[in-house]
Amino acid sequence: GESVGLHLPTLSVQEGDNSIINCAYSNSASDYFIWYKQESGKGPQFIIDIRSNMDKRQGQRVTVLLNKTVKHLSLQIAATQPGDSAVYFCAESLTGGFKTIFGAGTRLFVKA
Amino acid sequence: DAGITQSPRHKVTETGTPVTLRCHQTENHRYMYWYRQDPGHGLRLIHYSYGVKDTDKGEVSDGYSVSRSKTEDFLLTLESATSSQTSVYFCAIRTGGGDSYEQYFGPGTRLTVT
């Protein structure tokens, strides 16, 4: 598969544990945030999004938290599974969404 | 996968040659994007399109041009490829509206410029 990041921050967790992936965004005017998952050899895949008028949003096994005061975003994955092993990107955008700025990504390893 | 295909999937070319990458979508989405992905840089926007013949530059547009003559196809051209353009290229479309602007990505094209 494609090598998407030789020097990415890496998080290693035990199968069944919860994972927390953090992201600092750059533009205080950004009002729409997205998390993507990228598996080896594939394009990024949408996981969950959140608007700036919210501080928490839950999906299936995933939760995104937004702290606008410190421009921080986190993705929590409950009961992490081997299939969750991937690179995770946060992204920010302004209303209208024409342009999205992606972070450098975090690699998640899940140990069986 | 939102009906997005990219061609070719892999290409090796020599410095100075022109290269065109194609993105094709089957669902009539208005917005289409070209990104490049390099180690340590995440995804960086090259160009995007907001309709037929309507395009604009992204953050790394130098050395690239695009064309969109019909809704379903968005072409990325490297007029004279350089080694710094060796990368993985992803096309994306934007869906949604209202509160959501999800992007769906194609499978990528690995381009090597020798």
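The values are calculated or read from the model by the stated rules, or taken from the named source; none is laboratory data. A quick note: this is a predicted structure, and the numbers were derived from the prediction, not measured. Because the Cβ atoms are built from the backbone with ideal geometry, glycine has one as well, and the counts that use them run over all protein chains shown. Side chains included, ligands, DNA and RNA excluded: accessible areas come from the protein's heavy atoms. Shrake-Rupley method; radii C 1.70, N 1.55, O 1.52, S 1.80 Å.
Region A:34-112 holds strands (runs of 3 or more DSSP E) entirely within its bounds, and those carrying 2 or more residues that are open to solvent by 70 Å² or more (accessible area, probe 1.4 Å) and more than 10 Å from every other protein chain (Cβ to nearest Cβ) map to A:56-58, A:106-111. Residue A:17: over 21 Å from residue B:108 (Cβ atoms), part of a loop (DSSP other than H, G, I, E, B) and of a type in the set (D, E, K, R), yes or no? Judged against the criteria, residue A:17 is a match.
For region B:16-55, the set of residues classified as more than 12 Å from residue B:73 (Cα to Cα), surrounded by 13 or more Cβ atoms within 10 Å (Cβ to Cβ), more than 11 Å from chain A (Cβ to nearest Cβ) and in contact (Cβ under 8 Å) with a residue 60 or more places away in the chain consists of B:19 only.
So is residue B:58 within 11 Å of another protein chain (Cβ to nearest Cβ), more than 17 Å from residue A:43 (Cα to Cα) and surrounded by 14 or more Cβ atoms within 10 Å (Cβ to Cβ) or not? When the stated conditions are applied, residue B:58 passes them. Condition check: of a type in the set (Gly, Ala, Ser) and either farther than 24 Å from residue B:58 by Cα or in contact with a Pro (Cβ under 8 Å, 6 or more places away or on another chain) (or both). Does residue A:43 satisfy that? Taking the combined requirement at face value, the residue satisfies it. Could you check region A:2-38 and list, in sequence order, the residues that are of a type in the set (Asp, Glu) and modelled with pLDDT under 95? Listed by number, the residues that qualify are A:2, A:31. The residues listed here are A:52, A:74; of these, the one that is free of Cβ contacts under 8 Å to residues at least 60 places away in the same chain, in contact with a Phe, Trp or Tyr (Cβ under 8 Å, 6 or more places away or on another chain) and over 25 Å from residue B:4 (Cβ atoms) is A:52. Where strands (runs of 3 or more DSSP E) sit wholly within region B:62-114, those with at least 1 residues that are within 14 Å of chain A (Cβ to nearest Cβ) and open to solvent by 40 Å² or more (accessible area, probe 1.4 Å) occupy B:103-105, B:109-113.
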